[in-house]
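Q: Mind looking over this structure? Questions follow.
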Amino acid sequence: MDSQHSAVRRREIEDGSAYKGADRRADGGGDRLIVENQKLLYRYIVGTERSIEALRTTIIFGLWAVIPYMVYLIALYFLVGSMKLPYALLGGVLCWTLAAWLLISLWTRFHG
């Protein structure tokens with residue numbers, strides 16, 4: 001019975017389902033831990049299989065990716081006080097889209 005339980009547990013660890021369940025129990029849902037681990041693994045792969053300059057470019061791109069989210073939160077902060085929540089959320093998403101489009105345009109101009 002123990003060997004069967006061990007085999008099941010090993011399979012859960014290998015396919016990631018063990019971590020997903022642990023993450024859901026810890027914070028009420030989502031796969032944030034797994035996503036962060038995937039990002040860490042991706043950066044390790046870039047750092048070992050490509051140049052340090054490629055890794056630095058990846059890091060800078062990740063920093064730029066935070067800006068549209070910040071624009072969304074700032075817009076939402078001001079919009080929730082002046083309109084219904086669905087419209088405020090839509091306005092925040094539109095602001096995020098505009099900021100992301102602008103940053104992608106700038107990124108491709110300077111790094112593409």
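Where a number appears in this text, it was derived from the coordinates with a stated rule and is not lab data. Bear in mind the structure is a predicted one, so any value in this text is a computation, not a measurement. FYI the Cβ positions are ideal-geometry reconstructions off the backbone, even for glycines, and counts take in every protein chain you see.
Q: Quick one: if the Förster radius is 22 Å, what FRET efficiency do residue 58 and residue 104 give, using the C-beta to C-beta distance and rounding to 0.05?
A: 0.90
Q: Another one. Show me, bin by bin at 5 Å from 0, the whole-percent P(r) of segment 56-112 based on Cα pairs.
A: In order of increasing distance, the bins hold 4, 21, 23, 19, 12, 10, 6, 4, 0 percent.
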